[in-house]
1. Could you go through the range 103-110 and let me know if any residue there is buried (at least 17 other Cβ atoms within 10 Å of the Cβ), free of Cβ contacts under 8 Å to residues at least 40 places away in the same chain, outside any strand (DSSP E or B) and not assigned by TED's automatic domain parsing to the domain that holds residue 49.
2. When you check residue 59 against the structure, is it farther than 25 Å from residue 124 by Cβ, out of contact with any helix residue (DSSP H, G or I) (no Cβ under 6 Å at 6 or more places or on another chain) and touching a residue at least 60 places away in the same chain (Cβ under 8 Å), yes or no?
3. Which one is farthest from residue 125 (Cα to Cα) among residues in the range 42-55 that are free of Cβ contacts under 8 Å to residues at least 60 places away in the same chain and surrounded by 12 or more Cβ atoms within 10 Å (Cβ to Cβ)?
4. Could you check residue 120 against (1) within 18 Å of residue 151 (Cβ to Cβ); (2) at pLDDT below 90 and say which number it fails?
5. Condition first: surrounded by 14 or more Cβ atoms within 10 Å (Cβ to Cβ) and either on the phi > 0 side of the Ramachandran plot or assigned to a strand (DSSP E or B) (or both). Now tell me which residues in the range 56-78 satisfy that.
6. Pairs, please: C-beta under 8 Å, at least 6 apart or cross-chain, first residue without any contact (Cβ under 8 Å) to a residue 12 or more places away in the chain and in the range 75-100, second buried (at least 16 other Cβ atoms within 10 Å of the Cβ)?
7. Residues in the range 132-145: is at least one assigned to a strand (DSSP E or B), in contact (Cβ under 8 Å) with a residue 24 or more places away in the chain and out of contact with any helix residue (DSSP H, G or I) (no Cβ under 6 Å at 6 or more places or on another chain)?
């Protein structure tokens with residue numbers, strides 16, 4: 001057994017000599033910006049719940065079209081002009097709408113449609129409208145109003161994997177990353193450091 005161990009060591013030493021000295025690999029921490037690292041971690045935490053296809057024009061941080069305020073700097077964005085995952089846009093707030101919606105799910109504007117007589121299904125529908133007179137009763141996440149009956153949604157939407165809630169509106173917030181609620185603009189308390 002000792003003979004096999006010595007033979008294995010000789011083979012490894014021989015391989016090391018032919019390949020060359022092992023190079024030490026270190027991360028280039030000097031070239032990494034803390035903002036980029038934080039944004040990357042943030043996108044990992046809220047992946048699937050929020051789509052960050054746009055950046056805030058004031059601070060450059062990730063922004064979701066369903067938000068009315070930037071969660072990082074708190075700037076109010078009543079009109080959204082960034083990319084949308086929906087086929088049409090609301091004329092009043094600029095956020096995405098589906099072709100069969102009668103009203104915008106994000107603002108309390110007037111009737112916008114339907115632009116089509118067909119009823120579309122969507123895997124994004126996860127909530128239910130509480131109004132008994134509503135015809136369809138399905139909601140996309142973070143809807144403020146029902147797109148079929150215009151009833152205000154009383155549900156406080158949560159962010160998966162984030163247990164913190166806004167003290168004013170009760171919606172989910174990413175407390176370790178956000179300084180403001182992205183849905184109502186309320187400044188969030190800064191987390192205390194343990195000493």
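1. Of the range 103-110, the ones buried (at least 17 other Cβ atoms within 10 Å of the Cβ) are 103-107.
Cutting the leftovers down to free of Cβ contacts under 8 Å to residues at least 40 places away in the same chain gives us 107.
Still in the list and also outside any strand (DSSP E or B): 107.
Add one more test, that the residue is not assigned by TED's automatic domain parsing to the domain that holds residue 49, and what stays is 107.
Looking for residues that are buried (at least 17 other Cβ atoms within 10 Å of the Cβ), free of Cβ contacts under 8 Å to residues at least 40 places away in the same chain, outside any strand (DSSP E or B) and not assigned by TED's automatic domain parsing to the domain that holds residue 49, one finds at least one in the range 103-110, hence yes.
2. Working: farther than 25 Å from residue 124 by Cβ: yes; out of contact with any helix residue (DSSP H, G or I) (no Cβ under 6 Å at 6 or more places or on another chain): yes; touching a residue at least 60 places away in the same chain (Cβ under 8 Å): no.
No.
3. Taking the range 42-55 as the starting set, the residues that turn out to be free of Cβ contacts under 8 Å to residues at least 60 places away in the same chain are 43-44, 47, 51-55.
Still in the list and also surrounded by 12 or more Cβ atoms within 10 Å (Cβ to Cβ): 43, 47, 51-55.
Working: 43: 22, 47: 17, 51: 15, 52: 19, 53: 20, 54: 22, 55: 25 Å.
Looking at the filtered set, the residue picked out is 55.
4. Exception for residue 120: condition (1).
5. 62, 63, 69, 74
6. 89/95; 89/96; 89/97
7. First, pick out the residues of the range 132-145 that are assigned to a strand (DSSP E or B): 138-139, 145.
This time we only want the ones that are in contact (Cβ under 8 Å) with a residue 24 or more places away in the chain, so: 139, 145.
Then keep just the ones that are out of contact with any helix residue (DSSP H, G or I) (no Cβ under 6 Å at 6 or more places or on another chain); that gives 139, 145.
For the range 132-145, residues assigned to a strand (DSSP E or B), in contact (Cβ under 8 Å) with a residue 24 or more places away in the chain and out of contact with any helix residue (DSSP H, G or I) (no Cβ under 6 Å at 6 or more places or on another chain): present.
The rows are residues; the columns are (1) under 24 Å from the mean Cα position of the chain (by Cα); (2) more than 27 Å from residue 79 (Cβ to Cβ); (3) modelled with pLDDT of 90 or more.
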position: 104; (1), (2), (3): yes, no, yes
position: 112; (1), (2), (3): no, no, no
position: 138; (1), (2), (3): yes, no, yes
position: 172; (1), (2), (3): yes, no, yes
position: 176; (1), (2), (3): yes, yes, no
position: 180; (1), (2), (3): yes, no, yes
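The values are calculated or read from the model by the stated rules, or taken from the named source; none is laboratory data. This is a predicted model, so every value here is computed, not measured. Using ideal geometry, Cβ is built from the backbone for each residue, glycine included, and neighbour counts are taken over all protein chains shown.
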